[in-house]
Amino acid sequence: MKPMAQTKENIILCGFMGCGKSTVGKKLSKLMNLDFVDMDDYIEQNAGMKIPQIFEQHGEGYFRDLEHKAAVELSQRGGCVVAAGGGALTFPRNVETLKKGGVIILLDTPLRVLQLRLKNDRNRPLLQRPDRFRFIRELHQKRMPLYRRAADVVIPTKGSPNAVCRQILQALEEKNLTNR
């Protein structure tokens with residue numbers, strides 16, 4: 001794959017936890033000669049603590065405020081591939097903010113694949129529960145319509161991360177979304 005011309009807009013990858021936003025995002029950022037930012041890592045660095053600690057000490061509402069602040073800052077920064085947190089684009093204020101600074105791409109991964117990828121996860125606070133599979137299914141059903149509404153482009157995540165990157169690059173070129 002040849003690198004694309006650099007853009008001042010962000011490419012925001014959204015989707016359910018475990019869909020590959022970080023893996024694909026790192027590869028895509030290299031191909032497009034852009035910085036890569038994992039929104040959750042960005043929040044942790046700015047807060048000086050890990051997300052599970054933020055949830056435990058301050059609650060989900062506080063975390064969502066930090067998430068919105070990160071969306072504002074990253075939108076203003078531009079020129080990045082951003083792996084948005086799994087819940088970030090379920091909030092209209094984040095969608096509106098991120099759309100101002102870039103293109104939102106949904107990585108659409110089948111539920112059964114997500115459940116396999118997340119079955120042993122110990123880092124995501126929302127998954128630390130005995131009814132993990134039921135919870136994932138219900139949360140997936142709630143979030144997917146919101147992701148679809150937010151997305152400028154939907155990419156099914158069939159194949160390798162490299163194949164997904166090729167699909168993204170093709171979609172961006174076809175829709176001329178990096179030069180809006």
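The values are calculated or read from the model by the stated rules, or taken from the named source; none is laboratory data. Small disclaimer: the values here were computed from a predicted structure and weren't measured. With ideal geometry, Cβ positions are generated from the backbone for all residues, glycine too; neighbour counts draw on all protein chains shown. In case anyone asks, the SASA skips ligands and DNA or RNA and just uses the protein heavy atoms, side chains included. Shrake-Rupley method; radii C 1.70, N 1.55, O 1.52, S 1.80 Å.
Of the residues making up the stretch 85-103, those that are under 12 Å from the mean Cα position of the chain (by Cα) and either part of a helix (DSSP H, G or I) or of a type in the set (S, T, Y) (or both) number 6.
Taken over the stretch 98-120, the criterion of being among the polar types (S, T, N, Q) and surrounded by fewer than 21 Cβ atoms within 10 Å (Cβ to Cβ) is satisfied by Q115, N120. Scanning the stretch 41-53 for residues that are in contact with a helix residue (DSSP H, G or I) (Cβ under 7 Å, 6 or more places away or on another chain), modelled with pLDDT under 95 and assigned to a helix (DSSP H, G or I) gives I51, P52. Checked against (1) assigned to a helix (DSSP H, G or I); (2) under 13 Å from the mean Cα position of the chain (by Cα), V82 passes all but a single condition, namely (1).
The residues of the stretch 147-168 that are part of a helix (DSSP H, G or I) and either without any contact (Cβ under 8 Å) to a residue 60 or more places away in the chain or on the phi > 0 side of the Ramachandran plot (or both), listed by number, are R148, R149, A163, Q167.
Taking the criterion of being farther than 23 Å from E96 by Cα, open to solvent by 80 Å² or more (accessible area, probe 1.4 Å) and either at pLDDT 95 or above or part of a helix (DSSP H, G or I) (or both), would at least one residue in the stretch 11-26 satisfy it? The answer is yes; a qualifying residue exists.
Filter the stretch 124-177 down to residues that are in contact with a strand residue (DSSP E or B) (Cβ under 7 Å, 6 or more places away or on another chain) and of a type in the set (S, T, Y) and give me whichever is most open to solvent (accessible area, probe 1.4 Å). It comes out as T157.
Within the stretch 58-69, residues that are more than 17 Å from L89 (Cβ to Cβ) reach partners that are part of a helix (DSSP H, G or I) with beta carbons closer than 8 Å, at six or more positions or on different chains, in the pairs Y62/I54. Considering only the stretch 50-78, how many residues are open to solvent by 10 Å² or more (accessible area, probe 1.4 Å) and touching a strand residue (DSSP E or B) at 6+ places or on another chain (Cβ under 9 Å)? Total meeting the criteria: 3.
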